[in-house]
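Comments concern the structure below.
We did not get these values from a lab; they are worked out from the coordinates using the rules stated. Keep in mind it's a predicted model, so treat the numbers as computed, not measured. Here Cβ is always computed from backbone atoms with ideal geometry, including for glycine, and neighbour counts include all displayed protein chains.
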Amino acid sequence: MTSTAPAGTTARPFDRDQAQRRVLRVLVASQVLSGAGLAAGVTVGALLAQDMLGSTGLAGLPSALFTAGSALAAVVVGRVSQARGRRPGLSAGYLAGAVGSAGVIVAAVLDNPVLLFVALFVYGAGTATNLQARYAGADLAAPGHRARAVSTVLVATTLGGVAGPNLAAPTGTFAEALGIPHLAGPFILSGAAYALAALVLALRLRPDPLLLARSLAEAEEADPATVPAAAPAGGRGSVVLGALVMVLTQLVMVAIMTMTPVHMHDHGHGTAASGLVIALHIGAMYLPSPLTGWLVDHYGHRKVAIASGVTLLAAGVLAAVAPGGSVALLALALVLLGLGWNLGLVSGTAIITDTVPLATRARTQGLVDVSIAIAGATGGMASGLMVAATSYPALALTGGALSLALLPAVAATAHRR
């Protein structure tokens, strides 16, 4: 689509679609890198804490900490993006994730649990930024293609996200050669990946998609020949629904995912086996994104949100009944868990993006992601305590049952509309 040049530029035809394609290329490159950084904490964070503390009950604490850190980072990244654009906000978030990764390595070398927890909190900034990047993909997208733009950014995380867990064993060996504890090895990869993602965005994310979208909107409003754009559909109820869909899916996903490597370890499986299961899980979190985006654009947010709840229920039931010695069944349960999360994230993100106007979009998106991060922190912390008090199957069944709350929520908002 060709439009007039935005304010402050030379008066020549401006190709919005071409700018969108460039933005998506840069975001895809950064997401491939950040996916590898994201996977490190998921794969060995709980095992590292269990090894340093000697307690299964606190094995969920790392997940809780880096998701709590992502809550603070979501606010900061959202506010920086609102004021200065996506490029500085996302770059700063990934840089903080790299610093946190370095802190985890130092903590492991010193065998200092307090430093470990502080570093994991900072490391969470990378997780928040990885999620915030999906919004940047939709800033310049046409209304009927926003879900697919979001999904394009999400699917790019698959490459790094799948490779990262499978590099847990080799990076552990590399770390030992450097005198670093084996379980801290994946954080070497994480730090390098987040730092490179920050560099790619800082140098290449031009034009800034959010700032450009605002300029184009202002230019269209000032041009009397331009047909006014339709106001965002929905209202406060739609924002709440979008947030609720993403909060519940994050809570259930993080709780079950966090304790799966510990559950497998307790049944005699090594790091390679748990790394494979987590790699398949992360692949299912991001790889179906193009299909999910197409489904949202063609069939609507609410139907896909309902499918998310049903898929998460199936994942919880399968994880609960799968024998601890069966890597295949646990892998299938985690694949369903990732798919349910993907359906919820893409549909929830599309609801928020379609509802909130450009003037306040980045700030609102940041606040919504705070809720998502708090849900993840709650799920991560409660998962270890629940498994210590009951069992992994009880945790999985509880998570599956909780996901069903999406169905009445979607039905209630659809009725109000």
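Assuming 1.306 mPa s and 10 °C, estimate D for the stretch 68-122 with Stokes-Einstein, Rh taken as the Kirkwood radius over Cα pairs, in µm²/s. Answer, rounded: 136 µm²/s. Between ALA350, ALA394, ALA197, the Gaussian network model of the chain with springs among Cα atoms under 10 angstrom shows the greatest mean-square fluctuation at ALA394.
Could you tell me how many degrees, from 0 to 90 and to the nearest 10, lie between the Cα long axis of helix 301-321 and the main elongation axis, the longest principal axis, of the Cα atoms of the chain? Helix 301-321 sits roughly 0 degrees off the main axis of the chain. Just checking the listed ones, GLY268, GLY69, GLY242: in the Gaussian network model of the chain with Cα springs under 10 Å, the one fluctuating most is GLY268.
Taken over the stretch 18-416, the alpha-carbon convex hull comes to 113 cubic angstrom per residue.
Net charge of the neighbourhood of SER289, taken over other residues with C-beta under 11 Å away and scored Lys/Arg +1, Asp/Glu -1, is +2. If I fit a long axis through the Cα atoms of helix 146-166 and take the longest principal axis of the Cα atoms of the chain, what angle between them do I get, 0 to 90°, rounded to 10? That helix lies at roughly 20 degrees to the long axis. Taking a sphere under 12 Å around the Cβ of PRO181 and counting the other residues whose Cβ falls inside, with K and R at +1 and D and E at -1, yields a net charge of -3. Multiplying the residue separation of ASP17 and ALA394 by 0.36 nm and subtracting their alpha-carbon distance yields 130.8 nm. Within the listed set LEU115, LEU203, LEU395, the Gaussian network model of the chain (springs between alpha-carbon atoms below 10 Å) gives the highest mean-square fluctuation for LEU203.
If a spin label sat at a point 7 angstrom from the Cα of GLU220 along the line to its beta carbon, the backbone N atoms of the stretch 349-368 nearer than 16 Å would be those of 353-361. Across the stretch 394-400, computed HN-Hα scalar couplings (Karplus, 6.51 cos²θ - 1.76 cosθ + 1.60, θ = phi - 60°) run 5, 4, 5, 5, 4, x, x Hz from first to last residue, x flagging Gly and Pro. Counted residue by residue at 0.36 nm each, then reduced by the alpha carbon distance between them, the extension gain from ALA272 to LEU407 reaches 44.9 nm. Over all other residues within a Cβ to Cβ distance under 12 Å of SER151, the charged ones net out to +2, with Lys and Arg as +1 and Asp and Glu as -1. When each of the peptides 306-315, 78-87, 372-381 is scored by how many other beta carbons lie within 10 Å of its residues on average, the order from highest to lowest is 372-381, 306-315, 78-87. Could you tell me the center-to-center distance, by alpha carbons, between the stretch 127-153 and the stretch 276-300 in angstrom? Going from one Cα centre to the other spans 14 Å.
For the pair ALA192 and LEU115, label points projected 7 Å from Cα toward Cβ lie 2.2 nm apart. Once the Cα atoms are used to define both axes, helix 168-177 deviates from the longest principal axis of the chain by about 70 degrees. Equivalent-ellipsoid semi-axes for the stretch 279-417 (Cα gyration tensor, √(5λ), whole Å, largest first): 28, 17, 15. Report summary: the helix-based calculation at 222 nm, which adds -39500 (n - 2.57) for every DSSP H run with n ≥ 4 and divides by the residues of the chain, gives -28000 deg cm²/dmol. Take 257-266, 172-181, 22-31, 140-149 and order them by the average number of nearby Cβ atoms within 10 Å per residue, most first; the result is 257-266, 22-31, 140-149, 172-181. Each principal axis of the Cα cloud of the stretch 271-324 was evaluated for its coordinate range; sorted largest first, these ranges are 40, 22, 8 Å.
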